[in-house]
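Each reported figure results from applying straightforward, stated rules to the coordinates on display, with no laboratory input. Predicted model, so just to flag it, every value in this text is computed and none were measured. Cβ atoms come from the backbone with ideal geometry, glycine included; neighbour counts cover every protein chain shown.
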There are 2 protein chains.
Amino acid sequence: MSAELSRRALLGLAGAGAVAAGVGAVGVARAVSDAAASDRVEFYGEHQAGIATPVQSHLIVSAFDVNTDDVSRLTALLQQWTAMAAALTSGHEVGDTGAFNGAPAAPPDDNGEATLLPTANLTITVGFGASLFRQPSSRKPSERQGSDRFGVVDQMPAALADLPAFPMDALDASRSDGDIGVQVCADDAQVAMHAMRAIKRVAFGTCVQRWSQTGFVSRPTDDSTPRNLFGFKDGTANLTTADELNAHVWADDEPGWMAGGSYLVARRVAMTIEVWDRTSLAEQEDIIGRRKGDGAPLSGGDEFSEPDFEAPLVDAPAPLPGEPLQQRAIPELAHIRLAHPSRHGGRRMLRRGYNYQDGIDDLGRWDAGLFFMAYSRDPREHVVPPLAALARDDVMNEYIRHTASAQFAMVPGVRDPSDWWGRDLFEGTSPF
Amino acid sequence: MSAELSRRALLGLAGAGAVAAGVGAVGVARAVSDAAASDRVEFYGEHQAGIATPVQSHLIVSAFDVNTDDVSRLTALLQQWTAMAAALTSGHEVGDTGAFNGAPAAPPDDNGEATLLPTANLTITVGFGASLFRQPSSRKPSERQGSDRFGVVDQMPAALADLPAFPMDALDASRSDGDIGVQVCADDAQVAMHAMRAIKRVAFGTCVQRWSQTGFVSRPTDDSTPRNLFGFKDGTANLTTADELNAHVWADDEPGWMAGGSYLVARRVAMTIEVWDRTSLAEQEDIIGRRKGDGAPLSGGDEFSEPDFEAPLVDAPAPLPGEPLQQRAIPELAHIRLAHPSRHGGRRMLRRGYNYQDGIDDLGRWDAGLFFMAYSRDPREHVVPPLAALARDDVMNEYIRHTASAQFAMVPGVRDPSDWWGRDLFEGTSPF
C-alpha cells in the first residue's frame with residue numbers, strides 16, 4: 001500500500017468497510033510507508049520486547065490495580081491488551097475502526113493523536129506485582145493479606161518476594177507497587193502517551209491506574225553511553241550479549257509460567273539537583289568513582305576499563321593522623337565500588353534507567369532524578385544486595401532520595417497471535 | 001574542528017586552557033560536527049527565536065520571580081542569561097570550562113548531561129510579566145501592589161494589562177503568572193531540560209523558579225498538522241508568512257523597548273481525557289466544527305478550506321417543535337465558529353500549543369491536556385476576545401478546565417553579542 005493510498009484510507013476517503021476488512025482484529029493501519037518498517041520492534045518472541053531492546057528516548061511506566069475479583073474479566077483484559085499491543089507496536093491504531101471510521105454515534109476505537117506518527121520503536125511490556133497473587137487491591141497495608149482472589153497464590157514466584165526496607169527509603173505508597181506493571185517505551189513522546197492512554201482506556205471497569213511515571217533519555221550523537229541528570233554516563237557496564245542475558249536476566253522455569261520472563265525492580269530516585277550543581281567536580285567524581293568526562297574509573301583507563309579497586313591514589317597528600325596510610329584512587333565508599341558485581345557474587349542486572357523531570361516542588365526545587373529500572377532473573381540475588389550496600393554506605397545518598405518502589409514479574413514473550421500476556425499463569429484457573 | 005578532536009577536547013584530554021581560549025565567553029564546544037549546523041536556530045535577530053520558529057517536539061516553560069529589589073543584579077542576570085542562551089542554542093556548553101575542564105575544587109560550569117547531544121533546534125525565549133513592573137515578588141494577591149522596585153513602572157506596556165477573569169476559570173495561582181517567563185523548545189527532551197536547568201542555576205539568589213511546565217508535540221511523517229490530545233489537528237489556520245506575522249504577532253513601538261517583540265498568553269488547559277474517550281465521534285466533531293480525520297470544516301472541503309458558517313446541515317432530521325427550522329453544518333456553538341477571526345475583527349494570533357501529560361491525579365485520572373500558548377501584538381485585541389467567546393459558549397468547556405494562566409511581554413530579538421534581553425527597557429535605569 002502506498003503512503004498516499006494509506007493516508008486516503010485513514011482519512012475516511014476510502015470506504016470504512018474496506019479498511020476494516022483488510023486488517024481485522026489487529027487494528028486499522030496508521031502509517032504505512034517504506035520507512036516505517038525500520039522503526040518497529042518485533043512484538044512476538046521468546047522474551048518480551050522492551051527489556052533487552054535498546055533504550056528508546058521516552059518512557060511511560062504505569063501500575064494498575066485490578067478492581068474486580070472476577071478472574072475472567074482480568075484474563076479478558078490481558079487478551080485485549082495483548083492484541084492492542086501487537087497492533088500498536090506494528091504501527092496500527094487500536095480496534096476495528098481506528099479513530100475516524102467508526103459509527104458517528106459511537107466513540108472512536110482510537111483517539112487518533114498518533115495518526116501518521118512514526119511507530120518510533122514502540123514497545124509495551126507487562127508484568128505482575130506480588131499483590132496480584134496474594135491480596136485484594138488496596139493501598140492500605142492493613143488489608144495486604146487475604147483471599148487468593150484469582151486462584152494463583154501458589155504460582156507466585158519466590159523471586160517476587162517483597163524488597164526489604166532500605167535505610168533512607170522515603171517511599172510514597174501511592175507511587176509504589178501495584179497489581180500490574182506496564183512499561184511503554186518509544187522514540188516519540190506522543191506515541192508513548194497514545195499507547196498508555198489506549199491501555200488505560202480499555203482497562204476501565206477492570207483496573208484503575210495506580211501511578212504513572214514519565215521519563216526520557218537521549219543518546220549522544222556518537223552513540224556513546226547516555227548520561228543521567230548528575231551529568232555522568234549511566235549504564236556503562238550494562239548487559240548486552242545473549243550469554244549475559246541468559247545468565248543474569250531471563251528467568252528460569254521456577255515457576256514454569258515465568259520461563260523466559262524477567263523481574264523488574266523500579267525505584268524513583270529523586271536527585272537534589274540544586275545541591276549537586278554546587279558540588280565540586282572532584283567530589284562528584286569521588287562519589288561516583290569515575291571521571292565525569294569520559295566515564296573512566298578513577299583507577300585509570302577508559303570508560304570500559306575494569307575498575308582497579310586496589311589502585312592507590314596518585315599524588316595523595318600525606319595522611320593526617322588517624323587517616324589510613326594509603327588512600328585508594330577509587331574511594332572506599334564510591335558508588336561503583338559498592339555496587340560492583342565482584343562484591344555481590346558476580347551477579348549482574350540489566351539497567352534500563354530513565355531520567356525524569358516532573359516540574360518543581362513547593363519550594364521551587366526541581367522534582368527530577370532517575371527512574372531506576374533493573375531487570376534480572378532474581379532480584380533477591382542480583383538487585384537487592386547492591387541496593388542494600390548502596391543504601392547503607394553510598395555517599396551519593398546525600399544527593400538522592402528513593403521516593404517510590406515497585407517490583408513486577410515481567411512475563412515471558414507472547415509467542416504468536418493466539419498467545420497472550422499471562423496465559424501460562426491463568427489458563428489452569430481461567431474458564432477459557 | 002573534527003568531531004573526534006572536539007570530543008577529545010571535551011573529555012579533558014586536551015588542555016583546558018586551550019579549549020577555553022578558543023571560545024571565550026560563549027562557552028565550551030559541546031558537539032561540533034558537520035551535521036550539527038542543520039539543527040541550529042539562529043539566536044540573534046530582529047525577533048526572538050522560538051516564536052515564529054517551527055514548533056520543536058519538546059517544551060519546558062517556566063516562570064521566575066525576582067527576589068531582589070536591586071536592579072543591577074537583575075540586569076546582570078539578564079546579561080548572563082543572554083550569553084548562556086547564545087552558547088546553548090549554538091551547541092555549546094555554558095561557562096568558560098564546561099562540564100569537565102574546571103578546577104576540581106569548583107563545581108563544573110555545566111552539569112554535562114547534554115554533552116555530545118545534538119543541538120536539536122534549541123530555542124530560548126524570554127519575556128516579562130506585569131508583576132515585574134508594578135509589584136514585589138509575591139504569590140499573595142494582597143501584596144500585589146506596591147513599589148516601583150525596578151524603576152520601570154512607566155514602561156509597562158498597555159498590552160500587558162491583566163487578562164479578565166473568564167467564566168469557568170479554575171486557576172492555580174502557584175502555576176500562574178510570574179515576573180519573568182522563559183520558554184525553552186528543542187527536538188530533544190534532555191537538551192531542553194539541560195537548558196532550563198542551566199538558566200535556573202545561575203538565577204540562584206536573584207530569582208526563584210515559580211512554576212514549570214513540560215510539553216510535547218509530534219509532527220506526522222507527512223508533515224501534516226500535529227494533533228492535540230483530543231485527537232484533532234491543532235494549528236490548521238496558523239500564521240506563517242512575514243506579512244501575517246507583521247500584521248498580527250510583532251509588537252509595534254508602544255512602548256519603544258517592545259518594538260519587534262510579542263505578547264505571550266499561556267493557558268494550561270486540562271482535558272478530561274477519560275470522558276472525551278467515551279464521547280461519540282459525531283459529538284466530538286460537532287464540538288470542534290471540523291472532521292476528526294482530515295481536519296476539514298464540517299461545511300466541507302479539506303483541512304485548509306475556509307469554513308462556511310452559513311452552510312446548512314445536509315440530511316438534517318426534521319426539526320422538533322421549538323428547534324430552529326434549519327440547522328447548520330457547523331453548529332452554532334462549535335469551537336471554530338466562536339474562535340474564528342471573522343467574529344473578532346479579523347485579528348489573529350500565532351498559536352504555539354503543546355500537549356502535556358503530568359501523570360495521574362489522586363483519582364487515577366490523567367493529568368493531561370493542552371498547554372495553550374498564543375503570541376500576538378496585543379492580547380487585548382487578538383487573544384482575549386476569542387478566549388472570552390469560548391469561555392462563555394464553547395461546548396468544549398464540558399471537557400476542559402483552565403488550571404493556570406500567564407502573560408509575558410516577550411522582548412525583541414537580541415541583535416548581536418553586545419545586546420541582551422531587556423536592554424532597551426533597563427538601560428535608562430540601570431547603572432550600566
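Within the protein assembly as shown, how many lysine pairs that are 8 or more places apart, or on different chains, have C-alpha atoms less than 29 Å apart?
Counting lysine pairs in the protein assembly as shown gives 8.
Longest exposed-loop-site-free stretch of chain B, with GluC sites (Glu not before Pro), DSSP loop and at most 16 other Cβ within 10 Å?
Values: sites that count: B:E42, B:E46, B:E310, B:E332, B:E427.
The segment B:47-309 is the longest one with no such site.
Taking chain B as a Gaussian network, where each spring joins two C-alpha atoms under 10 Å apart, which residue of B:A87, B:A63, B:A311 fluctuates the most?
Evaluated over chain B, the most mobile residue of the options is B:A311.
At a Förster radius of 22 Å, what calculated FRET efficiency corresponds to the Cβ-Cβ distance of A:A242 and A:E42, to the nearest 0.05? Can you show the working numbers first?
Numbers: r = 16 Å, r/R0 = 0.71.
That gives a FRET efficiency of 0.90.
What is the spread of the Cα atoms of chain A along each of their three principal axes, largest first, in whole Å?
84, 52, 47
Counting each pair of different Cα atoms once, what's the Kirkwood radius of segment A:309-432 in Å, rounded to one decimal?
Details: mean 1/r = 0.0533 Å⁻¹.
Kirkwood radius, segment A:309-432: 18.8 Å.
Give the nm distances, rounded to one decimal, from A:S72 to the matching residue in every other copy, measuring between label points 7 Å along Cα toward the beta carbon; shortest first.
8.1
Where is the GNM fluctuation largest for chain A (alpha-carbon springs, 10 angstrom cutoff): A:S38, A:S405, A:S57?
The residue that fluctuates most here is A:S38.
Using the alpha-carbon atoms, what tilt in degrees (0 to 90, nearest 10) does helix B:71-89 show relative to the longest principal axis of chain B?
It is inclined by approximately 80 degrees.
Where in chain B is the longest stretch that carries no trypsin sites (Lys or Arg not before Pro) classed as loop by DSSP and with at most 15 other Cβ atoms within 10 Å? Could the numbers behind the result be given before it?
Values: sites that count: B:R139, B:R144, B:R278, B:R415.
With a cap of 15 other Cβ atoms within 10 Å, the longest stretch comes to B:1-138.
Which whole number gives the average, over all residues in A:202-210, of C-beta atoms from other chains lying within 10 Å of the residue C-beta?
Values: counts 1, 0, 3, 0, 0, 1, 4, 8, 2.
Taking all residues of A:202-210 together, the mean is 2.
Are there chymotrypsin sites (Phe, Trp or Tyr not before Pro) in segment B:267-325 that DSSP puts in a loop and that have at most 15 other Cβ atoms within 10 Å, and which ones? Intermediate results must be reported in sequence, preceding the final value.
Numbers: sites: B:W276, B:F304, B:F309; in loops: B:F304, B:F309.
Taking segment B:267-325 and a limit of 15 other Cβ atoms within 10 Å, the loop chymotrypsin sites (Phe, Trp or Tyr not before Pro) found are B:F304.
Calculate, axis by axis, the spread of Cα positions in segment A:32-101 along the three principal axes, and write the results as whole Å, longest axis first.
That works out to 45, 36, 23 Å along the principal axes.
What gaps in nm, shortest first, separate A:E42 from its twins in the other copies when you place the label 7 Å past Cα toward the beta carbon?
Sorted ascending, the copy-to-copy spacings read 4.9 nm.
Modelling each spin label as a point 7 Å along the Cα-to-Cβ direction, I'd like the A:A158/A:D172 distance in nm, to one decimal.
Here the modelled spin labels are 3.6 nm apart.
Using only atoms on other chains, find how many Cβ atoms lie within 10 Å of each Cβ of peptide A:92-99 and report the average. It would help to have the intermediate numbers written out before the result.
Details: counts 0, 0, 0, 0, 0, 1, 1, 7.
Taking the mean over all residues of the peptide, I get 1.
What is the projected area of the convex hull of the Cα atoms of the protein assembly as shown, averaged over all directions, in nm²?
On the way: hull surface 157.2 nm².
Computing the convex hull of the Cα atoms and averaging its projections yields 39.3 nm².
Taking the simple approach of a point 7 Å from Cα along Cα-to-Cβ for both A:D416 and B:E381, what is their distance in nm?
Once both label points are built, they end up 7.0 nm from each other.
Starting from a label point 7 Å past Cα on the Cβ side, list the distances from A:A282 to the same position in the other copies, nm, shortest first.
Result for A:A282, in nm, nearest copy first: 7.6.
Tell me what chain A gives for mean residue ellipticity at 222 nm when only DSSP H runs of n ≥ 4 count, each as -39,500 (n - 2.57), the sum divided by the residue total, rounded to 500 deg cm²/dmol.
On the way: 12 runs with 97 residues, N = 432.
-6000 deg cm²/dmol, from helical runs alone.
Across peptide A:349-358, how many C-beta atoms of other chains are within 10 Å of each residue C-beta, on average? Spell out each step's value before the answer.
Details: counts 0, 0, 0, 0, 0, 0, 4, 1, 9, 4.
That works out to 2 on average.
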